[in-house]
Amino acid sequence: MSQNTPYRGAFLLIVAAAVLLAVAALTGRGDITTATVVLAGTGCFIAGVFLLALHKGEPIDPEIAALLPAQGTVTIATLCADLGVQGDSWFVPEGETVIEIVPVGETLPAATDDDYSYITAEGAAAVRLVPACAPLLARLKEKHALEIPEEDDALLACIVEVCDDLLEVADKTEVRRDGVNIVVTLAGYRLMPGCRAVRAASPKCCTMIGCPVCSLLAVIAALGTGQPTTIEHVAVDEKKGMLRVILTAPAPRGAGPGNSR
């Protein structure tokens, strides 16, 4: 058993409680000193039980968590490339959901509402996917009552909240509006091993498919603006532990420019 685990601390508290209560029972003096020993033993026992009951277990290593979706992202990108699909993904809002369209070229097909995985319209072929972040987004809405705001400034603040407070994937997130682009910078990004594994296969995977985190940023932008959104560029600085994602997401009409956060 690791010396740093809460189980060891709980065990020591319970043992200390047993020793103190045994001392009180053996001495049997019935004075204030014995009462103090009994109270101390009882307190140690209760503290040990609470420590055991409230302990949630060791959190998963971020490096392990980062690697879990990596091969899936690479595999889907490889399948699309083998089909002759070379474009970057578009995240298209459909009511309260978002679909991911990977076109053959750079043009987004006019019709994307078919449930079939392959769009074969003449001159506008594409692959239709469910974004990799779909289960994650559903979890955020269910557990944290996440709502995507439509106002541009509130939308940028929402991205910061999701990355820093809800997911805790970065030490600090900065989001700013730059024309039709939303620039997201995650400093102290904790899932860097996943980026490394995906980009070792091809940096194109980041814009063609997108990992759960990058696709989540695009989906939030698409839902907030009501506009088709694409991952324009992904840059990684491993020495600084920084991830920068540039999304092409036109602001809603009448929305003012967003500010740095």
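Every read-out reported here was derived from the displayed coordinates using simple, explicitly stated rules and does not represent laboratory data. Remember, it's a predicted structure, so these values are computed and weren't measured experimentally. Using ideal geometry, Cβ is built from the backbone for each residue, glycine included, and neighbour counts are taken over all protein chains shown.
Based on the Cβ-Cβ distance of ARG196 and THR33, what FRET efficiency does E = 1/(1 + (r/R0)^6) give at R0 = 51 Å, to the nearest 0.05?
0.25
How large is ³J(HN,Hα) for each residue in segment 239-250, as worked out from phi by the Karplus curve 6.51 cos²θ - 1.76 cosθ + 1.60 (θ = phi - 60°), to whole Hz, x for Gly and Pro?
Result, rounded to whole Hz: 5, 8, x, 10, 10, 10, 10, 10, 9, 8, 9, x.
Counting only other residues whose beta carbon sits under 9 Å from that of GLY241, what net charge do I get with K and R as +1, D and E as -1?
0
What distance in nm lies between label points placed 7 Å from Cα along the C-beta direction at THR107 and ALA47?
According to this spin-label approximation, the distance is 7.2 nm.
Please work out the ratio of the alpha-carbon Rg of segment 124-223 to 2.2 N^0.38 Å and round it to two decimals.
Ratio of Rg to 2.2 N^0.38 Å for segment 124-223: 1.10.
Would you be so kind as to identify which of HIS144, GLY224, VAL198 lies farthest towards the positive end of the dipole of segment 141-261, taking Lys and Arg as +1 and Asp and Glu as -1 on Cβ and the Cα centre as origin?
VAL198
In debye, nearest 20: dipole of segment 119-171 around its Cα centre with unit charges on the Cβ of K, R (+) and D, E (-)?
520
Could you tell me the calculated FRET efficiency between ASP171 and ALA25, based on Cβ-Cβ distance and R0 = 45 angstrom, to the nearest 0.05?
After rounding to 0.05, the efficiency reads 0.30.
Once you place label points 7 Å from the Cα toward the Cβ at ASP153 and ARG244, how far apart are they in nm?
2.5
Expressed in nm to one decimal, what extension gain is obtained for the pair ALA121 and ALA145 from 0.36 nm per residue of sequence separation less their Cα-Cα distance?
Once the chain is fully extended between ALA121 and ALA145, it gains 4.8 nm.
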